[in-house]
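All remarks here apply to the structure that follows.
The values are calculated or read from the model by the stated rules, or taken from the named source; none is laboratory data. Bear in mind that the values here come from a model prediction, so they are computed numbers and not experimental data. Cβ sites come from the backbone with ideal geometry, for glycine too, and all protein chains shown count toward neighbours.
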Amino acid sequence: MRRIGLILGIIGLVAGPAWAQAPTRSTSVFSGAPATTGTQLAAANGSRVALVCTNEDTTITIYVGSTDVTTTGGVAVKGGGSITVTHTGIIRARAASGAPIMSCVDEQQ
């Protein structure tokens, strides 16, 4: 019986608490080329668990951040890279140059 209790306890730790559930809905919210002056990727959303964005370009860097994203004040997503943002406010992106394509999916509870 001790062994069963120990196994069930370990399973409970691995499974995590009930509030740490996976998102229940994913919605494509952006697919396009962020301008070099900044483009909104997603509006503020209190139900957001994460915004997952992929830089579809192979060479141009895209910077992701809040309403005032810049090439020095944003998170760089290199060509072919992805970023997961858990911020529930407005999320914007800015291309370093050219017109790279970025696609984003909003995961919500």
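Details
- When every residue of segment 70-84 is checked against the conditions, none turns out to be hydrophobic (A, V, I, L, M, F, W, C) and modelled with pLDDT under 95.
- Residues of segment 24-34 that are surrounded by fewer than 17 Cβ atoms within 10 Å (Cβ to Cβ) and not in a strand (DSSP E or B): Thr24 alone.
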